[in-house]
Amino acid sequence: MESATHIARAAALLGDPARAAMLWLLIDGRARPAGELAFAANISAQSASGHLSKLVEAELLQVETQGRHRYYRLASHAVAHALESLASLAPRPAVRPLPASKGTPESMRYARTCYDHLAGELAVNLLAQAEKKGLVTCKDKEIALTAKGEKAFRQFGMDIDALRGSKRQFACGCLDWSERRFHLGGALGAALLTQLLERRWLLKVQKTRVLQLTPQGRQGLKETFGV
């Protein structure tokens, strides 16, 4: 009886057009702020806030705080599978296309520094490929280095023992504000950026946070990480 109650509650939440639209916008795995979700569902910010609170409470969504901003994403692959299954039985929820961002230069979206580690599209892809190659395991913000990954990063010139002995967190997921997915942060992320700069695979663009990928860097990242 209890299971039936949970199923009915989840179905009721998914049955609302506005909530379904917001959930469907998140099907690609990215995290998005409440304002974007409200726009996509064509509802007010106040109404979106109420819907999002219910979805978080029901563990259909998770909320990540990054600085002053809050980003929402699907709580698990199970939620994504449920949405895809429903979409195969009925038309996909109507979602207003988000307006294109005009304020961020493409170069900064591709590669930049985030404090002392790499961010942007390149950083997100690098972490995804590292996970795919079995070098790290990722669960939300928790990132762990595998035995295979430890060997690979040592060969890349990184002192893993010293990084683990430092006072800061060894490795963690940092939510990328332009890609809305996680890139590698912590001591491991900082050491990785240092290596990329020392090898001149990446170059700093003067007086900006933008990083430029060099031809040797493009080849090196492809051979090392498959990026």
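A compact table of results
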item	result
Condition broken by V63, with the remaining ones in (1) touching a residue at least 12 places away in the same chain (Cβ under 8 Å); (2) outside any helix (DSSP H, G or I) satisfied	(1)
Whichever residue in the range 192-203 is charged (D, E, K, R) and assigned to a loop (DSSP other than H, G, I, E, B) and, among such residues, is surrounded by the fewest Cβ atoms within 10 Å (Cβ to Cβ)	R200
Whichever residue in the range 67-97 is exposed (fewer than 12 other Cβ atoms within 10 Å of the Cβ) and among the hydroxyl-bearing types (S, T, Y) and, among such residues, is modelled with the lowest pLDDT	S88
Some residue of the range 129-143 being hydrophobic (A, V, I, L, M, F, W, C), within 22 Å of V210 (Cα to Cα) and touching a residue at least 60 places away in the same chain (Cβ under 8 Å)	no
In the range 17-42, the residues that are surrounded by fewer than 21 Cβ atoms within 10 Å (Cβ to Cβ), part of a loop (DSSP other than H, G, I, E, B) and either in contact with a Leu (Cβ under 9 Å, 6 or more places away or on another chain) or among the acidic types (D, E) (or both)	I27, D28, G29
Breaking point among (1) in contact (Cβ under 8 Å) with a residue 12 or more places away in the chain; (2) touching a strand residue (DSSP E or B) at 6+ places or on another chain (Cβ under 7 Å), for L203	(1)
Residues being of a type in the set (D, E, K, R) and in a loop (DSSP other than H, G, I, E, B) - total across the range 110-151	4
So G185, is it farther than 17 Å from Y110 by Cβ, among the small types (G, A, S) and buried (at least 21 other Cβ atoms within 10 Å of the Cβ)	yes
Contacts under 7 angstrom Cβ, first residue in the range 67-93 being in a helix (DSSP H, G or I), partner β-branched (V, I, T), 6 or more apart	A80/I27; L83/I27
Test: residue in the range 178-191 that is touching a Ser or Thr at 6+ places or on another chain (Cβ under 9 Å) and in a loop (DSSP other than H, G, I, E, B)	yes
Hey, A100 exposed (fewer than 11 other Cβ atoms within 10 Å of the Cβ), at pLDDT below 90 and outside the structural domain of A147 (by TED's automatic domain parsing) or not	yes
Check on S53, surrounded by 12 or more Cβ atoms within 10 Å (Cβ to Cβ) and either modelled with pLDDT of 90 or more or in the same structural domain as C172 (by TED's automatic domain parsing) (or both)	yes
Options L13, L26, L37; residue that is over 15 Å from L98 (Cβ atoms) and not acidic (D, E)	L13
Hits in the range 165-177 (condition: without any contact (Cβ under 8 Å) to a residue 60 or more places away in the chain and outside any strand (DSSP E or B))	G165, S166, K167, R168, Q169, F170, A171
Tally of residues being outside any helix (DSSP H, G or I), surrounded by 15 or more Cβ atoms within 10 Å (Cβ to Cβ) and of a type outside the set (V, I, T) across the range 204-227	2
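To keep it simple, each residue is scored yes or no on (1) in contact with an Asp or Glu (Cβ under 9 Å, 6 or more places away or on another chain); (2) at pLDDT 95 or above; (3) buried (at least 19 other Cβ atoms within 10 Å of the Cβ).
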{"site": "L126", "(1), (2), (3)": "no, yes, yes"}
{"site": "V136", "(1), (2), (3)": "no, yes, yes"}
{"site": "F153", "(1), (2), (3)": "no, yes, yes"}
{"site": "D161", "(1), (2), (3)": "no, yes, no"}
{"site": "G173", "(1), (2), (3)": "yes, no, yes"}
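The values are calculated or read from the model by the stated rules, or taken from the named source; none is laboratory data. Remember, it's a predicted structure, so these values are computed and weren't measured experimentally. So basically every Cβ, Gly included, is an ideal-geometry build from the backbone, and we count neighbours across all protein chains shown.
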